[in-house]
Amino acid sequence: MSGGSHVEEHAILEKEIDKGDFSRGGEASSELKALLRKLGINNTIIRRAAIVTYELEMNIIIHSEGGNIKAAVSSDEIFIYIDDEGPGIEDLEKAFQPGYSTASDEVREMGFGAGMGLVNVKNYSDQLEIDTAPGEGTSIKVVIAIK
C-alpha cells in the first residue's frame, strides 16, 4: 500500500465487518488503538483515530451489507479506509447533519443510530473523502495527521 508522492504507508489493520454484528462492534477501533499505542503515537491522536474507526465500523454494521476497515500509518499520518457493500448513502449532505439518521427503530432502541457517525468522523479527521452512490457501496478514506 503506497501512494504516489507521499511517504509510504504501512498496513497495520485489516478487518472484515459483518452486517448487524453488534456483538463485535468496536473490535476494529480497539485493535487499532492498541496497535497505535505500540507505535508510540500520542494519546490524543490515538483517541481521534479510535473514534473515527468506531463510527465507521458501526456505520457498516448498522447501514450496510457488510464491508471492511483497513488502517495504515506513515511517518506523519494515519490512514483509515472503509469499503462496504451497499446500499450507499442516499443524501450525503443530510448524512452530515447532526441527528439525521436512517437507522431503524430497532437499532435506535439498542442505543445506536443517533445520527452523529459521519459528523464525528468529519470532526476528528484532517482529511475525509467519501465515494458513494445510492444502490452501490460506500468507500471512505480518512487521514489523521500525527503531530
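Considering every residue within the range 42-60, establish whether at least one is under 16 Å from Asp18 (Cα atoms) and part of a loop (DSSP other than H, G, I, E, B).
The answer is no; no qualifying residue exists.
Quick test of your reading of the structure: Phe79 fulfils all but one of (1) in contact with a strand residue (DSSP E or B) (Cβ under 7 Å, 6 or more places away or on another chain); (2) over 17 Å from Ile146 (Cβ atoms). Name the failing condition by number.
The one condition Phe79 does not meet is (2).
Could you say which residue among Ser104, Ser74, Ser23, Ser30 is touching a strand residue (DSSP E or B) at 6+ places or on another chain (Cβ under 9 Å) and of a type in the set (Ser, Thr, Tyr)?
Result of the check over Ser104, Ser74, Ser23, Ser30: Ser74.
Spot the failing condition for Gly117; the list is (1) surrounded by 17 or more Cβ atoms within 10 Å (Cβ to Cβ); (2) small (Gly, Ala, Ser); (3) under 24 Å from Glu9 (Cα atoms), and only one is missed.
(3) is the only condition that Gly117 fails.
Results for (1) touching a residue at least 60 places away in the same chain (Cβ under 8 Å); (2) β-branched (Val, Ile, Thr); (3) under 22 Å from Arg48 (Cβ atoms); (4) not in a helix (DSSP H, G or I), shown as yes or no for each residue.
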{"position": "Tyr100", "(1), (2), (3), (4)": "no, no, no, yes"}
{"position": "Asn120", "(1), (2), (3), (4)": "yes, no, yes, no"}
{"position": "Gly135", "(1), (2), (3), (4)": "no, no, no, yes"}
{"position": "Val143", "(1), (2), (3), (4)": "yes, yes, yes, yes"}
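Quick one: in the range 16-47, of everything that is of a type in the set (Val, Ile, Thr) and free of Cβ contacts under 8 Å to residues at least 24 places away in the same chain, which residue is surrounded by the most Cβ atoms within 10 Å (Cβ to Cβ)?
Ile46
Looking only at residues in the range 48-82 that are of a type in the set (S, T, N, Q) and open to solvent by less than 10 Å² (accessible area, probe 1.4 Å), which one is nearest to the chain's Cα centre (by Cα)?
Ranking the candidates gives Thr53 first.
Any chance the range 6-15 includes a residue that's small (Gly, Ala, Ser), surrounded by fewer than 21 Cβ atoms within 10 Å (Cβ to Cβ) and in a loop (DSSP other than H, G, I, E, B)?
No.
Counting only residues that are aliphatic (A, V, I, L, M) and at pLDDT 95 or above, which one in the range 122-133 is nearest to Val52 (Cα to Cα)?
Out of the qualifying residues, it is Leu128.
The values are calculated or read from the model by the stated rules, or taken from the named source; none is laboratory data. Because the structure is predicted, anything quoted here is derived from the model rather than measured. Reconstructed Cβ throughout: ideal geometry from the backbone, glycine too, with neighbour counts over all protein chains shown. Accessible surface areas use protein heavy atoms only, side chains included; no ligands, DNA or RNA. Shrake-Rupley method; radii C 1.70, N 1.55, O 1.52, S 1.80 Å.
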